[in-house]
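The values are calculated or read from the model by the stated rules, or taken from the named source; none is laboratory data. Since we're looking at a predicted model, the values are computed, not measured. Cβ atoms come from the backbone with ideal geometry, glycine included; neighbour counts cover every protein chain shown.
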Amino acid sequence: MSETRGVREPRDRELRLAGHVRFRELPFCGVLLDTEKSQVHRLSPRAARVLRERLYGAGSTGPYASLITDEPADERTAEAIVTALERAGFVHRA
């Protein structure tokens, strides 16, 4: 994956962020910034992991991977998280 100004640019991905949404990971959660509504949405570490893996690939690691100890989500839970993010307008399936 190439990096531009510290932001990973995904190549083959399952999901795409909506154009008005930015995603970042912090040591304790994930954050979605909706630039249209000027709102910040907090994601659980598990939801942030699911989103990162669906955006950047299953082998991707977050910047704080060594601090996060939660187990990966099973496929059913991961799909529920993606569906909720899609319904909220944060992501689109590729």
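Would you check if Arg87 is surrounded by fewer than 14 Cβ atoms within 10 Å (Cβ to Cβ), closer than 20 Å to Ala18 by Cα and in contact with a Leu (Cβ under 8 Å, 6 or more places away or on another chain)? Working first, answer last.
Details: surrounded by fewer than 14 Cβ atoms within 10 Å (Cβ to Cβ): yes; closer than 20 Å to Ala18 by Cα: yes; in contact with a Leu (Cβ under 8 Å, 6 or more places away or on another chain): no.
Considered against the rule, which asks whether it is surrounded by fewer than 14 Cβ atoms within 10 Å (Cβ to Cβ), closer than 20 Å to Ala18 by Cα and in contact with a Leu (Cβ under 8 Å, 6 or more places away or on another chain), Arg87 comes out as no.
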Taking the stretch 29-65 as the region of interest, how many residues are of a type in the set (A, V, I, L, M) and crowded, with 17+ Cβ neighbours inside 10 Å?
7
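Can you tell me which residue is modelled with the lowest pLDDT among those in the stretch 18-28 that are under 21 Å from Pro72 (Cα atoms) and crowded, with 16+ Cβ neighbours inside 10 Å?
Residues of the stretch 18-28 under 21 Å from Pro72 (Cα atoms): 23-28.
Right, trim to crowded, with 16+ Cβ neighbours inside 10 Å and you get 23, 25.
On the way: Phe23: 96, Glu25: 91.
It comes out as Glu25.
Residues checked against (1) modelled with pLDDT of 95 or more; (2) not small (Gly, Ala, Ser):
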| position | (1), (2) |
| --- | --- |
| Ala47 | no, no |
| Val50 | no, yes |
| Gly57 | no, no |
| Pro63 | no, yes |
| Leu67 | no, yes |
| Ala73 | no, no |
| Ala84 | yes, no |
| Phe90 | yes, yes |
Residue that is nearest to the chain's Cα centre (by Cα), among those in the stretch 42-84 that are under 19 Å from Arg22 (Cα atoms) and hydroxyl-bearing (Ser, Thr, Tyr)
Tyr56
